[in-house]
Amino acid sequence: MAALSQQNKNKNKKPVKKRKPPAASIKSLEYDLFGRYLGDQDSLSNTIELWDGIPKYFVAKQAQDRQRDDKGRLSVLEHAFQYKGVNCNVVIQPASIRQKDGSYKDYYPSAGEEMVEDVIRKIFTDQAYAHHDPQNTESWVRFSLQMIKKELAGRKKTRSVDQIKQSIEILSRSVISFYVKGEEVYTNPILADLTRVTRKDYIDDPTGHWMARLPALISKSVNELSYRQYNYALMFSLKSQLSRWLHKRLSHNYVNAGLSSPYEILLSSVIRDSGMLPHQRMNDRVKAFEATIDELVAKRILTQQSKRKEERRGKGNKIDDILFSLCADPAFIKDVKAANARKKHAVELSGFTNEKNEF
């Protein structure tokens, strides 16, 4: 990770005119298929191919507290990762949030914001709260603070209304820039063009709806069927953020999950692509990742046969990297087979056969 000059990143930026959602819902097969699951509708959601591959939520709140200067400011953050073997970078401009005393404090999006985004994406699959324009590659969602609070509480991830409101502010004010081979290809807030409910409006009507535009990379995925069904309820039952990250990654990439086909992953890839193992010592990183594997075993996502397959050592016989072999539990294999069947059915209905290369 590297800090960039915030002044340089903001230089020559012109104000962007706020966009408005379509006046009426637009019927589209692409959106209908996105919200049509094979299985229990309440327990399922979608992983988004490229969007979920960009690490955005990896700096813990405690780490942010240590990184702020005496004025509450954070540096613009850069993190290198790979997507489908291609070298990429994400640059995160922190959100500046006004505090009760009138001062401002910067925040990177972190685990709490990730869960709120997951809930908003789930709400988006309900046609009563969504607009998707396939021609302009735009997706809009309506939601209330109470809807998010109720959903999180139902998943045993309780958040207060004030915490949820702050997460929405962070999602709408932090800017994500995505680079491929050094070239900027995407820049936007996580939630764009946010229409807020004021405090007075909220007191008068706690169910008042907010409106936001979802990232264009999500809309693109809806149009191109580059998403996959996954067990949303199971993901929310996981305690560790890294466990939730690994479950999503396996759900999207482990399409041939079976008892005889383990999923192999290097610890260095987990460190690079999740950003969630900031420990300095290799032993601490290994323990944290093995604790993640243990949690996935306990939740019947992986089996106890998941283990270290190969230790790669360097100078002084020091461990430089570890290859892990992860074995799918029959319950997870069942989820993957349902996701495969749902994807096949969606392709057949849409006639979409061209798997596009994002780059």
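Out of 253, 283, which single residue is more than 25 Å from residue 88 (Cα to Cα), free of Cβ contacts under 8 Å to residues at least 12 places away in the same chain and not charged (D, E, K, R)? Walk me through it before giving the result.
Working: 253 fails: more than 25 Å from residue 88 (Cα to Cα).
Only one candidate passes the filter, namely 283.
Would you check if there is a residue in the stretch 143-156 being without any contact (Cβ under 8 Å) to a residue 12 or more places away in the chain and under 18 Å from residue 195 (Cα atoms)? If you could, list the steps in order and put the result at the bottom.
Step one: list which residues in the stretch 143-156 are without any contact (Cβ under 8 Å) to a residue 12 or more places away in the chain, which gives 150, 153-154.
Those still in the list that are under 18 Å from residue 195 (Cα atoms) too: none.
No, there is no match, as no residue in the stretch 143-156 is without any contact (Cβ under 8 Å) to a residue 12 or more places away in the chain and under 18 Å from residue 195 (Cα atoms).
Identify the residue in the stretch 134-171 that is in a helix (DSSP H, G or I) and among the acidic types (Asp, Glu) and, among all such residues, is modelled with the lowest pLDDT. Before the answer, list the steps.
At the first step, the residues of the stretch 134-171 found to be in a helix (DSSP H, G or I) are 145-154, 161-171.
After this cut, where a residue has to be among the acidic types (Asp, Glu) as well, the list is 151, 162, 169.
Details: 151: 98, 162: 94, 169: 97.
Applying the filter and picking the extreme gives 162.
Can you tell me which residue within the stretch 41-86, out of those that are among the small types (Gly, Ala, Ser) and surrounded by 21 or more Cβ atoms within 10 Å (Cβ to Cβ), is farthest from residue 236 (Cα to Cα)?
Selected residue: 53.
Output the residues belonging to the stretch 34-84 that are outside any strand (DSSP E or B), over 15 Å from the mean Cα position of the chain (by Cα) and more than 19 Å from residue 170 (Cβ to Cβ).
To start, the set of residues in the stretch 34-84 that are outside any strand (DSSP E or B) comprises 34-43, 49-75, 84.
Filter once more, so that each one left must be over 15 Å from the mean Cα position of the chain (by Cα): 34-43, 61-75, 84.
Residues satisfying the conditions are 34, 35, 36, 37, 38, 39, 40, 41, 42, 43, 70, 84.
If we keep just the residues of the stretch 283-322 that are over 26 Å from the mean Cα position of the chain (by Cα) and assigned to a helix (DSSP H, G or I), which is nearest to residue 272 (Cα to Cα)?
283
Considering each residue of the stretch 252-266, count those that are within 20 Å of the chain's Cα centre (by Cα) and either in a helix (DSSP H, G or I) or buried (at least 16 other Cβ atoms within 10 Å of the Cβ) (or both), and give that number. Write out each step before concluding.
Filtering the stretch 252-266 for residues within 20 Å of the chain's Cα centre (by Cα) gives 252-255, 265.
Remaining after also requiring either in a helix (DSSP H, G or I) or buried (at least 16 other Cβ atoms within 10 Å of the Cβ) (or both): 252-254, 265.
So the answer is 4.
Under the condition of being more than 14 Å from the chain's Cα centre (by Cα) and part of a helix (DSSP H, G or I), which residue from the stretch 232-249 is surrounded by the most Cβ atoms within 10 Å (Cβ to Cβ)? Steps first, answer last, please.
Here is the first cut: in the stretch 232-249, the residues more than 14 Å from the chain's Cα centre (by Cα) are 233-234, 237-240.
Then drop every residue that is not part of a helix (DSSP H, G or I), which leaves 233-234, 237.
Values: 233: 14, 234: 20, 237: 16.
Only one residue tops the list, namely 234.
Evaluate the stretch 287-298: report whether one residue or more is at pLDDT 95 or above, in contact with a strand residue (DSSP E or B) (Cβ under 7 Å, 6 or more places away or on another chain) and not aliphatic (A, V, I, L, M).
Here is the first cut: in the stretch 287-298, the residues at pLDDT 95 or above are 287-298.
After this cut, where a residue has to be in contact with a strand residue (DSSP E or B) (Cβ under 7 Å, 6 or more places away or on another chain) as well, the list is 293, 296.
With not aliphatic (A, V, I, L, M) added as a condition, the list becomes none.
Checked against the condition, which is being at pLDDT 95 or above, in contact with a strand residue (DSSP E or B) (Cβ under 7 Å, 6 or more places away or on another chain) and not aliphatic (A, V, I, L, M), the stretch 287-298 yields no hits at all.
If residue 99 satisfies all but one of (1) without any contact (Cβ under 8 Å) to a residue 40 or more places away in the chain; (2) closer than 30 Å to residue 151 by Cα; (3) out of contact with any strand residue (DSSP E or B) (no Cβ under 6 Å at 6 or more places or on another chain), what's the number of the condition it fails?
Condition not satisfied by residue 99: (3).
The values are calculated or read from the model by the stated rules, or taken from the named source; none is laboratory data. Just so you know, these numbers come straight off a predicted model, no measurement behind them. In this analysis, Cβ positions are derived from the backbone assuming ideal geometry, glycine residues included, and neighbour counts consider all displayed protein chains.
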